[in-house]
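**Q** Take this structure first; my questions come after.
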Amino acid sequence: MQVYTNSNRVSIKIILFFLIVLIAAFLPIASFQFFLKNDTFNGYFPPKFFMSESIHAGHLPLWNPYINFGIPQYGDMSSGFWSPITWLIASTAGYNTYTLTLELLFYILLGGLGMYNLLSLGKINKQVKIIAGIAFMCCGYTVGHLQHFNWLSGAAFLPWCLWSYYLVLTKPFALKNAVLSAIIFYLLIASAHPGISIGAVYFFLAIMIFYFFKNENHQPLTSRLKSLSISHLVFLLLLVLLSAGMITGYLDILPHFSRGNKISLASSLANPSTAQSWISTLLPFSTVKNDAFFNTDISMRNCYFSLTLLLFFILALLRSKTGWQKFLLYTGLAFALLASGGVFKTIAYKFLPMIGYVRLNGEFRIFALLCFILIAALELNKFIEQKNKFEGIIKWVYYSLEIILFACIITGMMKAFGSKDSFVFSMKNIISENGMAQKLKALVDAISFYDTIWVQGCIQLLLLWGIKYSLINSNWNLLKKIVVADMIIACLLNIPYTGAGKASVAEVQAVLNKSPNGIPIPALQPIKYNDTLSAEEKGLVGDWSMYNKQIGVVKEAFYPVLLNNTDTYFKASEKNSQLSIANYPFIFTAGIITDSIVIITSYDTMHYPPKIKNYNPTKISLSIHSENKNNLVLLQNFYPHWYYDNTNEKIEVQKAGYNFIYAPIKAGENNITFSFEPALIKWMMLLSGISFLVCSILFFALKSKSSSPS
């Protein structure tokens with residue numbers, strides 16, 4: 001594929017077009033009428049919300065004291081802590097249900113524009129670029145993972161990374177390309193779920209090897225090695241500088257992280273995109289029902305990338321392929337097999353480094369879909385450029401799909417209506433529901449698996465007829481419109497099952513508004529009184545301990561980051577009620593401390609409660625009177641970088657029980673300060689920030705220089 005200079009790769013007009021399609025396809029979410037359910041507020045929103053509140057209160061959000069007795073926020077691989085986009089939102093508008101929704105939609109849009117821009121590297125028809133961009137933006141992976149925020153933020157940067165990396169490969173001595181690629185790759189790994197980052201290592205390594213041996217420019221071996229070495233040395237050096245803080249932060253937490261070790265083989269085979277999931281490339285709506293058939297989580301099943309591109313993907317399989325198409329096919333199939341789990345994941349688990357750390361195999365199918373969309377787009381472009389007719393192989397592929405769809409419609413109707421399991425028989429009850437939202441919910445619940453097959457089959461058949469008309473008349477503008485309609489319909493059919501909760505964004509925000517503003521001093525009350533939310537409200541936002549800005553939980557709050565000591569404590573406390581700290585405030589004195597038990601207390605805390613002078617997430621200063629030598633326990637997780645100062649000297653805290661921290665206090669008055677001070681992290685964070693700023697300035701300076709007239 002030769003680089004094609006296009007001065008207007010992504011114009012304002014194209015951005016607006018993609019934005020309109022995005023809003024239409026994701027209207028339930030984009031309209032704020034329905035919120036992003038499940039993991040969005042259980043796992044992804046709380047750390048962003050904390051960052052926002054801390055920054056606006058004037059504090060650096062290094063330690064989050066609220067999630068399960070505290071975690072180092074910089075070590076959270078799921079929160080996007082190291083992403084400049086996260087910091088930009090957190091430090092300006094701040095995070096709420098609306099800004100989080102807009103951020104997610106931004107990533108989806110970015111992915112579509114990235115695919116469009118990627119295809120601008122070659123002499124690709126504009127309509128084909130739009131078709132491929134819309135297909136990637138609205139593909140089944142996106143719809144399936146609306147609740148998995150960092151799966152979509154990672155996917156958004158993949159086509160941009162491929163675009164910039166190809167520039168590095170083809171123009172190895174252009175510093176501008178190395179700088180740009182380093183920035184984009186950093187945005188990928190800072191935003192993405194670790195599984196996508198791991199997959200990206202293998203994906204781009206395969207591209208490098210293929211390009212090297214393909215030798216498009218017919219260079220001697222020594223020249224290829226030299227150019228490859230120089231370009232990658234600069235690129236990797238810049239990427240390491242940009243990632244210095246992130247690398248240091250992750251290395252800091254790994255020894256203390258409950259998921260820091262390679263998982264068991266059995267766990268690594270969980271939630272694949274099973275072989276039967278790939279019927280979604282023809283019938284995406286079918287994936288929302290029949291768990292027993294698909295044998296995986298609903299979010300892992302959808303692999304749709306438009307009926308048009310499916311047609312041309314099959315055509316590409318049956319016709320001669322370019323070198324890039326062959327590479328993309330083999331690479332895509334490898335990732336599809338990896339996503340399927342089973343024997344393929346077992347082999348990878350044993351022989352490929354880092355693959356054993358990925359828990360959800362379906363995550364890898366984004367690489368397969370990226371490859372398949374590119375293969376189909378290149379085949380469609382060849383069809384247009386060669387002015388092929390609707391005859392021969394494509395005609396037979398078309399009629400094969402048409403026959404399959406007729407068979408699906410007939411079978412689905414016979415099963416659905418024969419068993420009276422169709423939603424049609426429930427229409428009277430559906431119509432009787434109060435309000436449109438309840439009617440839609442009743443309809444969603446009433447649709448059966450066989451309903452999804454015949455309904456989707458009818459839609460696909462109509463689309464297929466439109467595709468045939470477009471191909472016969474070489475009407476590529478109409479074909480683009482058909483793809484747009486196709487992807488919008490596919491999204492709207494699946495979103496109620498995979499992404500949208502029944503409550504509105506405003507209703508969820510109303511619950512979050514109960515959270516105190518800023519970073520207040522936590523109440524010195526038994527931590528069992530911290531949870532003040534109803535079960536219904538918890539169903540919307542998850543565990544209230546992540547929002548109430550009080551320290552301490554009685555039971556473990558579901559969150560991806562759990563420290564080893566904390567995990568040990570929660571498991572032990574379930575078996576031994578003596579370990580419970582439910583009746584104690586987040587600071588108390590303990591007369592006796594052992595390796596497991598700290599709840600043998602003096603009465604000093606009751607008679608002489610501590611006076612908190614100053615509080616922020618990483619520092620608490622207080623005064624306390626004690627009649628005897630004693631120990632002051634702080635219900636924060638025992639973790640490196642915690643210190644106390646009671647004698648004008650900073651000393652590392654000691655471990656109280658399984659996971660808390662304490663400092664000895666003397667008889668009489670004590671003025672003590674607990675502080676979290678990860679000095680190396682701060683320096684590396686500063687290095688990353690300066691590197692990002694310098695790289696950004698350098699890129700625009702080089703870009704301006706290269707575009708100025710000679």
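**Q** Can we say residue 365 is in contact (Cβ under 8 Å) with a residue 24 or more places away in the chain, under 28 Å from residue 116 (Cα atoms) and among the charged types (D, E, K, R)?
**A** Numbers: in contact (Cβ under 8 Å) with a residue 24 or more places away in the chain: yes; under 28 Å from residue 116 (Cα atoms): yes; among the charged types (D, E, K, R): yes.
Yes: the conditions hold for residue 365.
**Q** So, one more: Could you please find all residues in the stretch 415-446 being polar (S, T, N, Q) and under 19 Å from residue 34 (Cβ atoms)?
**A** Residues of the stretch 415-446 that are polar (S, T, N, Q), as a first pass: 419, 422, 426, 429, 432, 434, 438.
Passing the criteria: 434, 438.
**Q** Could you tell me which of the residues 331, 308, 322 is touching a residue at least 60 places away in the same chain (Cβ under 8 Å), surrounded by 24 or more Cβ atoms within 10 Å (Cβ to Cβ) and more than 15 Å from residue 453 (Cβ to Cβ)? Full working, then the answer.
**A** Working: 331 fails: surrounded by 24 or more Cβ atoms within 10 Å (Cβ to Cβ); 322 fails: surrounded by 24 or more Cβ atoms within 10 Å (Cβ to Cβ).
Sole residue among the options that is touching a residue at least 60 places away in the same chain (Cβ under 8 Å), surrounded by 24 or more Cβ atoms within 10 Å (Cβ to Cβ) and more than 15 Å from residue 453 (Cβ to Cβ): 308.
**Q** Please find, within the stretch 395-422, the residue that is nearest to residue 307 (Cα to Cα) out of those that are assigned to a helix (DSSP H, G or I), without any contact (Cβ under 8 Å) to a residue 60 or more places away in the chain and open to solvent by less than 40 Å² (accessible area, probe 1.4 Å).
**A** 409
**Q** Of everything in the stretch 536-591, what is at negative phi and among the charged types (D, E, K, R)? Give them in sequence order. Break it down into steps so the answer makes sense when it comes.
**A** Narrowing the stretch 536-591 to residues at negative phi: 536-541, 543-548, 550-551, 553-591.
Residues satisfying the conditions are 536, 537, 538, 543, 555, 556, 567, 571, 574, 575.
**Q** Taking the condition of being more than 12 Å from residue 314 (Cα to Cα), open to solvent by 40 Å² or more (accessible area, probe 1.4 Å) and either at pLDDT 95 or above or in a helix (DSSP H, G or I) (or both), how many residues in the stretch 381-394 meet it?
**A** The total comes to 2.
**Q** Go through the stretch 446-455 and report how many residues are part of a helix (DSSP H, G or I) and either under 16 Å from residue 309 (Cβ atoms) or open to solvent by less than 20 Å² (accessible area, probe 1.4 Å) (or both). Walk me through how you get there before you give the answer.
**A** Taking the stretch 446-455 and keeping what is part of a helix (DSSP H, G or I), we get 446, 449-455.
Checking the rest, the ones that are also either under 16 Å from residue 309 (Cβ atoms) or open to solvent by less than 20 Å² (accessible area, probe 1.4 Å) (or both) come to 451-452.
Of the residues in the stretch 446-455, 2 are part of a helix (DSSP H, G or I) and either under 16 Å from residue 309 (Cβ atoms) or open to solvent by less than 20 Å² (accessible area, probe 1.4 Å) (or both).
**Q** Another one. Among the strands (runs of 3 or more DSSP E) lying completely within the stretch 601-710, list those that include at least 2 residues that are touching a His at 6+ places or on another chain (Cβ under 6 Å), at pLDDT 90 or above and of a type outside the set (S, T, N, Q). Even if it seems obvious, please write down each step before you answer.
**A** Working: elements: 611-616, 619-626, 630-634, 642-645, 650-652, 654-656, 660-665, 668-676.
Fully inside the stretch 601-710 and qualifying: 668-676.
**Q** Moving to a separate point now. So which of 706, 696 is of a type in the set (S, T, N, Q) and under 21 Å from residue 245 (Cβ atoms)? Before you say what the answer is, go through the steps one by one.
**A** Working: 706 fails: under 21 Å from residue 245 (Cβ atoms).
Testing whether each residue is of a type in the set (S, T, N, Q) and under 21 Å from residue 245 (Cβ atoms) leaves just 696.
**Q** Pairs under 7 Å by beta carbon, first residue open to solvent by 50 Å² or more (accessible area, probe 1.4 Å) in the stretch 463-483, partner not in a helix (DSSP H, G or I), six or more apart or different chains?
**A** 468/390; 472/390
**Q** Out of all the residues in the stretch 255-287, which are open to solvent by 10 Å² or more (accessible area, probe 1.4 Å), out of contact with any strand residue (DSSP E or B) (no Cβ under 7 Å at 6 or more places or on another chain) and not in a loop (DSSP other than H, G, I, E, B)?
**A** Once the filter is applied, which keeps residues that are open to solvent by 10 Å² or more (accessible area, probe 1.4 Å), out of contact with any strand residue (DSSP E or B) (no Cβ under 7 Å at 6 or more places or on another chain) and not in a loop (DSSP other than H, G, I, E, B), the stretch 255-287 yields 255, 265, 266, 267, 275, 276, 278, 279, 281.
**Q** Counting residues that are open to solvent by 20 Å² or more (accessible area, probe 1.4 Å), which helices (runs of 4 or more DSSP H) fully inside the stretch 85-203 reach at least 3? Reasoning before the result, please.
**A** Values: elements: 97-119, 126-137, 140-144, 149-170, 175-191.
In the stretch 85-203, 97-119, 149-170, 175-191 are the helices (runs of 4 or more DSSP H) which contain 3 or more residues that are open to solvent by 20 Å² or more (accessible area, probe 1.4 Å).
**Q** Moving on to the next point. What number of residues within the stretch 338-380 are over 25 Å from residue 111 (Cβ atoms) and either open to solvent by 10 Å² or more (accessible area, probe 1.4 Å) or touching a Gly at 6+ places or on another chain (Cβ under 6 Å) (or both)?
**A** 10
**Q** Can you tell me which residue is surrounded by the most Cβ atoms within 10 Å (Cβ to Cβ) among those in the stretch 10-40 that are assigned to a loop (DSSP other than H, G, I, E, B) and among the small types (Gly, Ala, Ser)? So that I can check it myself, show each step before the final result.
**A** So the first thing to find is which residues in the stretch 10-40 are assigned to a loop (DSSP other than H, G, I, E, B), and the list is 10-11, 26, 31-35, 37-38.
Now drop any that are not among the small types (Gly, Ala, Ser), which leaves 11, 31.
On the way: 11: 10, 31: 12.
The residue in question is 31.
**Q** If you don't mind, another one. Which helices (runs of 4 or more DSSP H) sit wholly inside the stretch 456-548 and have at least 2 residues that are within 30 Å of residue 315 (Cβ to Cβ)? Spell out the reasoning first.
**A** On the way: elements: 476-498, 505-512, 535-541.
Ranges flagged: 476-498.
The values are calculated or read from the model by the stated rules, or taken from the named source; none is laboratory data. All of these numbers come straight from a predicted model, not from anything done at the bench. Every residue, glycine as well, gets a Cβ built from its backbone with ideal geometry; the counts of neighbours run over all protein chains shown. With ligands, DNA and RNA removed, areas are computed over all heavy atoms of the protein, side chains included. Shrake-Rupley method; radii C 1.70, N 1.55, O 1.52, S 1.80 Å.
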